[in-house]
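The values are calculated or read from the model by the stated rules, or taken from the named source; none is laboratory data. These numbers come from a predicted model, not from an experiment. Every residue, glycine as well, gets a Cβ built from its backbone with ideal geometry; the counts of neighbours run over all protein chains shown.
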Amino acid sequence: MGYMRQSHLFTKTRKEAPSDEVSQNAQLLIRAGFVHKEMAGVYSYLPLGMRVLQKIENIVRDEMNAIGGQEIRMATLHPSEPWKQTRAWDNVDVLFKIMSRTEKEYTVGQSEEEIATPIAQEYTTSYKDLPLAIYQIGQKYRDELRAKSGIMRGREFTMKDMYSFHETQEDFDRFYAIAKEAYLRVYTRCGLIAKATEASGGSFTTKLSYEFMVLTNAGEDDILYCTSCAFCVNTEISDQKEGEVCTRCTAGILERATASEVGNIFDLGTKYPHDFGFTFKNTSGEEVQPIMGCFGIGITRLMGVIVEACSDEKGIVWPRAVTPFHVHLVRIGESEAVVQAADTLYEELVRQGREVLYDDRDVRAGEKFADSDLLGMPTRVVVSEKTIAGGVYEVVTRATGEKTMVTQEMLLSAL
């Protein structure tokens, strides 16, 4: 549903954020009623928050489908056996371990290689079955010692993870480059500027990987980026220093910035196929193991980063592609004429398929404007005695604060 009366919205805004929340994203999202904190690192997503998440998910889904990804939904509750087969059961410290009443051991997915690899193995016998890319958007669980940064680093979170399988390293490299560009399109569509930084694969692999970083003051990583070309590197693995000439293009200077990771892609090589005895017949008829890749985007984390990057002292400033509603229709006054004018405009916007939140509450104008700034819809349309007298509507652009008076015809065409 692309419309709602605010009087029907069960959530309410609050003036103060919880005292234990220090991150901007958690403070604003809780105050605005987008999320509800259950405990450190675990949040429930309320109606407005769900609308944002769904829009982010659909952008990600769109770009993954466009490069040949096939969406599935993998189990969240995992048997322990595949995790023991890859030796992750004893080596991954963030793994939750569950003992059932039948004395069987389980875990809840912190990543899905142990599930995705056997699924691909079952349907791959020949090179003709490759390449294959399967992905899901689902919940992940990690036993983080210290959950922090609001919804940006949690114990339960939503993630898109894709796993690809290839006959040759060359084919993997081809897909890797395509996926990298698709990731950058995802972030651009979400209203962010992201950089692909080169990093080591950490516990996953020793091969080169890419981390996708968005420049924010709340960033947990330090990066160096070139002022001229796309080169970018995490300072933890680089000998280069701020102010040096870029070694990639030799034209730009390296600048330092704080950034937040919003995705990563790894070349996993043949580790997981090897662990599961996954082979197929190649073009020469030999039994070989596929090359595997892992491609992750933290969906809830991305929502947190958007809030960090797109907010001001008044509240959130949602980019148009991920805003819960495009228009916040604010009624000021309770006279019959104002109510009728606002109701009529609301019904027309709904009829035209506009995404609109209608503030029809009987509260003071100042409270409505403060809430509108906090909630952060891109466009606010005000109906009041003053606008009715002039036969116009006041339109306020959230990002700039610019105000214009427009007729209904101009409003509808502009939207």
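Observations, loosely collected:
- Scanning the range 124-160 for residues that are among the β-branched types (Val, Ile, Thr) and under 30 Å from Ser284 (Cβ atoms) returns Thr124, Thr125, Ile134.
- Of all residues in the range 1-23, those that are touching a residue at least 12 places away in the same chain (Cβ under 8 Å) and under 20 Å from His326 (Cβ atoms) total 9.
- Across the range 192-208, a minimum of one residue is classified as surrounded by 14 or more Cβ atoms within 10 Å (Cβ to Cβ), under 30 Å from Arg320 (Cβ atoms), at pLDDT 85 or above and among the hydroxyl-bearing types (Ser, Thr, Tyr).
- Filtered residues of the range 1-37 (kept if outside any helix (DSSP H, G or I), within 20 Å of the chain's Cα centre (by Cα) and either farther than 18 Å from Cys310 by Cα or of a type in the set (A, V, I, L, M, F, W, C) (or both)): Ala32, Phe34, Val35, His36, Lys37
- Among the residues listed as Val35, Val92, Val22, Val42, the single one being within 23 Å of Arg189 (Cβ to Cβ) and outside the structural domain of Pro378 (by TED's automatic domain parsing): Val35
- The range 38-48, residues that are part of a strand (DSSP E or B) and under 17 Å from the mean Cα position of the chain (by Cα): Val42, Tyr43, Ser44, Tyr45
- Test: residue in the range 277-292 that is within 13 Å of Leu192 (Cβ to Cβ) and in a strand (DSSP E or B): no
- Filter result for Leu28 (free of Cβ contacts under 8 Å to residues at least 40 places away in the same chain, touching a strand residue (DSSP E or B) at 6+ places or on another chain (Cβ under 7 Å) and within 22 Å of Asp359 (Cα to Cα)): no
- Test: residue in the range 311-332 that is surrounded by 20 or more Cβ atoms within 10 Å (Cβ to Cβ), at positive phi and not basic (Lys, Arg): yes
- Flag for Phe276 being closer than 30 Å to Asp161 by Cβ, out of contact with any Lys or Arg (no Cβ under 7 Å at 6 or more places or on another chain) and crowded, with 19+ Cβ neighbours inside 10 Å: no
- Residue ranges of strands (runs of 3 or more DSSP E) in the range 182-253 with at least 1 members in the same structural domain as Asn264 (by TED's automatic domain parsing), among the hydrophobic types (A, V, I, L, M, F, W, C) and under 23 Å from Gly69 (Cβ atoms): 194-200, 208-215
- On the stretch given as the range 121-175, residues that are acidic (Asp, Glu) and part of a loop (DSSP other than H, G, I, E, B) total 3.
- Once the range 355-409 is narrowed to residues that are surrounded by fewer than 18 Cβ atoms within 10 Å (Cβ to Cβ), of a type in the set (Val, Ile, Thr) and under 28 Å from the mean Cα position of the chain (by Cα), the residue that is farthest from Leu9 (Cα to Cα) is Thr400.
- Long-range neighbours under 8 Å by Cβ, at least six apart or interchain, first residue polar (S, T, N, Q) within the range 218-229, second assigned to a loop (DSSP other than H, G, I, E, B): Thr227/Cys246; Thr227/Gly252; Ser228/Cys246; Ser228/Cys249; Ser228/Ala251; Ser228/Gly252
- Boolean, Phe212 is under 23 Å from Ala309 (Cβ atoms) and in contact with a helix residue (DSSP H, G or I) (Cβ under 8 Å, 6 or more places away or on another chain): yes
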